[in-house]
Amino acid sequence: MLNKKVEKALIGQIELEEQSSRIYMAMASWCEVKGFPGAASFLYKHSDEERFHMTKLIKYVNDKGGHAQLHQLAMPKNDYKSLLEIFEEILKHEQFVTESINKLYDVAFKEKDFSTGQFLQWYIQEQIEEESLAKGILDKFRLAGNEKVGLFHLDKELAGLASTSSQGA
Ligand code: FEO
């Protein structure tokens, strides 16, 4: 049976992953209407990946004898000043998710729930990759500047990333 404190913390993470999926979906929608189809594809895919992170947690909680219940979510931000602002917010958000995973790991560790600790290793690795991806894209923004041509090429690159990056990466 899943430890109650661990279950509560896992359910909090489920909520955060679901919220992340909605945040990226709203960003994708903004990119689509503002003429950044590559960034939109990248973010639609990113939104799907967050949903996958959520589902993986739900199945884990239920498999361990808990009950992964869902909560009401906040409305995501729907308007942005620029594509750069979106990617700056993604990096900040992923850093926040990393902190949350670390806290969750700490709860599991303190409760001596080592199988949850083991399960969370995947998320710890995932966060390293997600932060690194977001930082890499922000570096490209610095190179592209605010020029339309630079943004056009960056959008094309994001389209390429959307078609090559693997599920959950
Ligand atoms: Fe599921 Fe981007 O953290």
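Put simply, of H46, H53, H71 the only residue that is in contact with an Asp or Glu (Cβ under 8 Å, 6 or more places away or on another chain), within 14 Å of the ligand (Cβ to nearest atom) and on the phi < 0 side of the Ramachandran plot is H53. Within the stretch 8-51, the set of residues being surrounded by fewer than 22 Cβ atoms within 10 Å (Cβ to Cβ) and assigned to a loop (DSSP other than H, G, I, E, B) comprises K34, G35. Check the stretch 157-166 and report whether any residue there is closer than 28 Å to G12 by Cβ and surrounded by 13 or more Cβ atoms within 10 Å (Cβ to Cβ). So far as the stretch 157-166 goes, yes, one or more of its residues are closer than 28 Å to G12 by Cβ and surrounded by 13 or more Cβ atoms within 10 Å (Cβ to Cβ).
It is to be established whether one or more residues within the stretch 161-169 are under 15 Å from L43 (Cβ atoms), in contact (Cβ under 8 Å) with a residue 12 or more places away in the chain and in contact with a Gly (Cβ under 9 Å, 6 or more places away or on another chain). Scanning the stretch 161-169, I find at least one residue that is under 15 Å from L43 (Cβ atoms), in contact (Cβ under 8 Å) with a residue 12 or more places away in the chain and in contact with a Gly (Cβ under 9 Å, 6 or more places away or on another chain), so the answer is yes. Sub-9 Å Cβ pairs linking a first residue in the stretch 13-35 that is touching a residue at least 12 places away in the same chain (Cβ under 8 Å) and closer than 10 Å to N78 by Cα to a second residue that is β-branched (V, I, T) and more than 10 Å from the ligand (Cβ to nearest atom), at least 6 apart or interchain, are M27/I86; W30/I86, ordered by first then second residue. Considering every residue within the stretch 80-94, establish whether at least one is closer than 18 Å to K56 by Cβ, surrounded by 15 or more Cβ atoms within 10 Å (Cβ to Cβ) and within 14 Å of the ligand (Cβ to nearest atom). Checked the stretch 80-94: at least one residue is closer than 18 Å to K56 by Cβ, surrounded by 15 or more Cβ atoms within 10 Å (Cβ to Cβ) and within 14 Å of the ligand (Cβ to nearest atom).
Out of all the residues in the stretch 33-42, is one or more within 30 Å of D113 (Cβ to Cβ) and within 16 Å of the ligand (Cβ to nearest atom)?
The first filter runs over the stretch 33-42 and keeps only residues within 30 Å of D113 (Cβ to Cβ), leaving none.
There is no residue in the stretch 33-42 that is within 30 Å of D113 (Cβ to Cβ) and within 16 Å of the ligand (Cβ to nearest atom).
Pairs linking a residue in the stretch 91-104 that is closer than 19 Å to F141 by Cα to a residue that is among the small types (G, A, S), with Cβ atoms under 8 Å and 6 or more positions apart or on different chains, are L91/A134; H93/S20; E94/A134.
Here the stretch 80-111 is the region considered, the condition is being among the polar types (S, T, N, Q) and in a helix (DSSP H, G or I), and the residue that is farthest from the chain's Cα centre (by Cα) is N102.
Here L138 passes the criteria (1) assigned to a helix (DSSP H, G or I); (2) more than 16 Å from the ligand (Cβ to nearest atom); (3) within 19 Å of K81 (Cα to Cα); (4) not basic (K, R) except the one numbered (2).
Read-outs: derived from the displayed coordinates by stated rules, not from any lab. Just so you know, these numbers come straight off a predicted model, no measurement behind them. Ideal geometry is used to build each Cβ from the backbone, glycine not excepted, and the neighbour counts take in all protein chains shown.
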